[in-house]
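The values are calculated or read from the model by the stated rules, or taken from the named source; none is laboratory data. All values derive from a computational prediction rather than experimental measurement. Note that we place each Cβ from the backbone using ideal geometry, even for glycine, and neighbour counts take in every protein chain shown. Protein only, heavy atoms only, side chains kept; ligands, DNA and RNA dropped before computing areas. Shrake-Rupley method; radii C 1.70, N 1.55, O 1.52, S 1.80 Å.
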Amino acid sequence: MPLSAGSLRRRPKFAAPLLSPACLHRLSVPGEFAARLDDDDAAGVGEEEEESGRRAAAVLVVGPLGKVWRVELRRSPAGDGEAWLGGGWSELAAAHGLGEGWGVVLRLERRGVASLRVFDPGFCLARFCTPHAGMRTKDRPRFIKLLQQEDLEKMKIPEKFVQQQLTETYTNNHQNAIIVCPLGKFWRVELQREQPDVLLRDGWAPFLAAHDLSEGNILLVRYEGNMVFTVEVFLQNGCLKEYKTAALYLTDGTEGPSNAPQQSAAKVGVSPVKWKRTRRIEGTCLEGPNRKSRASPISVKVEQHKKHVSIVSQNSFTKEMTAYSIHSLLSVRGTFCSQIGLLEACAITLKISMKKKGSWRVAFKTANTYGYINGPGWRKFCLENEVKEG
């Protein structure tokens, strides 16, 4: 039976990583974020705005130095989700020296109030004053990154950030970094120096695949020190991406935290197996009946009338497909791989049905606590079986 899953409750945020000249006078924001920011009780809606058909509300934006700015939030009455920060925004931008190529992140503090962080053209968190020696600042170092096609296999850390934060601690050409994902899971990714750049390389592509990230997503990376980075993920429209905690579905007595990409429980199909709750760490960890696990051949069933593709065997899981997982690689959680004996790189055979002759030879590789399927065979499988997003 489907099990309930909760989402991690975080304050709504909006990210605009690369401001255009027009954004310095009028900053477009998603309707979803505007609806949460809009203070219905705020004054500032006059006859002129009503007659023009555009609703204006006064909101407060707390700048990086703590000064509070009064800014107009305007929303289109057409119901198309169009919204923007207007009057007062250009003055705020000019006061902080914002220009083309800068970035901003707005965080909702409460209804009608948002705080602002500013990122310079080097993609680093802008500092508007120099702290005294020994003084601890509230804001940890951060950089913002709009994912491009070339970032999907390896991602360059901004040069300015490397110079300011990593020069002393990054001493070897090959060194591991720890990435803390939005759900709190730790990922080990190799840092590699390719003069003059420092790249997130081995382990980076599986990290993106596991979190359904692709070109156009925005990352806000905070440096915790000692090569540990915390990552927040934004959708292409700039809204914070919400991940759902999900159940870990096992068919034996295995326990432990989920190593799987988190999915909404509403989209996960579960086989009719009796479960009992054990403990909750990252998602909800479950334990099945105590019996020995038999590694059976993997078969993939493509259900034409349902919105998911499920791997059906004694050990099974359900995976929602994205464009990246179809055209690049499909991540497979480590617990599933260990249960059926997939412990190292090899070639595996996928079948729609054990009764039919058709089969597809695909490449399987391992990275960190995940395995993944990729290569021409995987793309051929998706093409011939008409596997689509969703």
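Computed values, structure above
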quantity	calculated
Rounded, prolate or oblate (a/c below 1.5 giving rounded, otherwise prolate when a/b exceeds b/c) for segment 142-243 by Cα gyration tensor	prolate
Assigned charges on the beta-carbon of Lys, Arg, Asp, Glu; segment 142-243 dipole about Cα centre (debye)	220 debye
Residue list for segment 192-219, given a label point 7 angstrom along the Cα-to-Cβ vector of H327 and an amide N cut-off under 18 Å	205-206, 208-218
Tensor-based shape of segment 323-385 (alpha-carbon gyration tensor, a/c under 1.5 rounded, otherwise prolate or oblate)	oblate
Accessible surface, segment 323-385, averaged per residue in Å² (probe 1.4 Å)	50 Å²
Extension gain (nm, one decimal) between K365 and S353, 0.36 nm per residue minus Cα-Cα	2.0 nm
Area of R127 that stays accessible when all protein chains are in place (1.4 Å probe, Å², to 10)	120 Å²
Extension gain from T167 to L18, taking 0.36 nm per residue of separation minus the Cα-Cα distance	51.0 nm
Rounded percent of accessible protein surface that carbon and sulfur make up, segment 142-243, 1.4 Å probe	42 percent
Potential lengthening between E91 and L65 on full extension [0.36 nm per residue; Cα-Cα distance subtracted]	7.9 nm
Subset of K145/K319; K154/K380; K154/K365; K319/K351; K185/K380; K145/K380 violating a 21 Å alpha-carbon distance limit	K145/K319; K154/K380; K185/K380; K145/K380
W378 accessible area, 1.4 Å probe, all protein chains in place, Å² to nearest 10	10 Å²
Segment 323-385, accessible surface, carbon-and-sulfur percent (1.4 angstrom probe)	56 percent
Segment 198-223 residues near the modelled Q149 label - backbone nitrogen below 17 Å, point 7 Å along Cα→Cβ	214-217
Rounded to the nearest 20 debye, dipole of segment 323-385 from Cβ charges on Lys, Arg, Asp, Glu	300 debye
